[in-house]
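Scroll down for the structure; my scribbles are underneath it.
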Amino acid sequence: MDCCKGPDNLPCCQVESVVSIDERGQMVLPKEIREKSNIKAGDKLALVRWNNTGNVGFIALVKIEDLNRMVQQMLGPALKEING
């Protein structure tokens, strides 16, 4: 199920799967999702939370390497400007 459209009118996100949380607060990422996302055992993922009027709107899992790259892209120009 598509949940939004990007500028090119293609889905920017999709509901890929529904997972359950067990009594220890753990969930299993389905094998198909892990394979599509190239997630391997031992990979580190950041849980990113978006708030919507004080409540959690949605959460996303982002590979640490991707998060580091995004932060560098956002802050890199500012750091260059600060450092001269």
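What to note about this one:
- Average Cα contact separation per residue, the stretch 44-84, under 8 Å, 6 or more apart, as relative contact order %: 32
- Rounded to whole numbers, the Karplus 3J(HN,Hα) couplings from phi for the stretch 52-67 are 10, 6, x, 9, 5, x, 6, 10, 9, 9, 10, 4, 4, 4, 5, 5 Hz, using 6.51 cos²θ - 1.76 cosθ + 1.60 with θ = phi - 60°, and x at Gly and Pro.
No lab work stands behind these numbers, since they all come straight from the coordinates. What you see is a predicted model; the values in this text were computed from it and never measured.
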